[in-house]
1. Between Val154 and Val111, 0.36 nm times their residue separation minus their Cα-Cα distance comes to what?
2. Counting each pair of different Cα atoms once, what's the Kirkwood radius of the range 55-158 in Å, rounded to one decimal?
3. Pull up all non-local amide H partners of Leu124: gap of 5 or more, or a different chain, and H-to-H distance under 5 Å with H placed in the peptide plane.
4. Along the range 89-105, what does the Karplus equation 6.51 cos²θ - 1.76 cosθ + 1.60 (θ = phi - 60°) give for ³J(HN,Hα), rounded to whole Hz, x for Gly and Pro?
5. What aspartates and glutamates does Lys53 reach when the alpha-carbon gap must be under 18 Å and sequence neighbours fewer than 8 apart in one chain are set aside?
6. Which ³J(HN,Hα) values in Hz, rounded to whole numbers, follow from the phi angles of the range 148-158 under the Karplus curve 6.51 cos²θ - 1.76 cosθ + 1.60, where θ = phi - 60° and Gly and Pro get x?
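Just so it is clear, none of the values below were taken in a lab; they were calculated from the coordinates. Just so you know, these numbers come straight off a predicted model, no measurement behind them.
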Amino acid sequence: MQIFIRKFLALTLLVTVISFGGIARAEGDAKILIVPNNVNYTIEKTDGDTYVKSGGTFDLPPFIRDGIFMVPVRGAFEKAGTQVAWENGQAVLTRGDRTVVVTPNSKTVLVNGVPFEMPAKAILSGGRTFVPLRFVAERLNLQVAWNFVQHCAVIKGF
């Protein structure tokens, strides 16, 4: 009898997890996978019950320098629903009620007008501005995780 109860509870738990997982996906789950030193990126999302995988390329590849993942501003953040504009030599990133102003070759950014120091300077390379991914993404209310299996950064929350 105890084996039957255990199997019943395990099956009930499995059905519950699958059901709630389906609800989360139906509401729209999206993520961007960015691999260091690779110009390719992947976007995975669900649209209703349909899983969609697409991708593209950056002009220049993201890279890791001194343990910090640096990404091209426009290339990485526009994919996550952020508006990127250039004003007076600065990148202005706007997402929802957040605005982040990045000055090339500076560690200081303005987040809604308040100065913050990034862990590394914004780097101007090949005509593109690179910024620390996690620092800027989190200021835009995006989530960043590292996928150890695929060796890539994952941006969520858009």
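1. Numbers: separation 43, 0.36 × 43 = 15.48 nm, distance 2.22 nm.
13.3 nm is the gain from fully extending Val154 to Val111.
2. Working: mean 1/r = 0.0729 Å⁻¹.
Result for the range 55-158, one decimal place: 13.7 Å.
3. Sorted by chain and number, the residues that satisfy this are Asn105, Phe130.
4. Per residue, the Karplus-derived 3J(HN,Hα) values read x, 10, 8, 10, 9, 10, 9, x, 8, 10, 10, 10, 10, 10, 10, x, 6 Hz.
5. Glu27, Asp29, Glu44, Glu78
6. 5, 6, 8, 6, 8, 8, 10, 9, 10, x, 10
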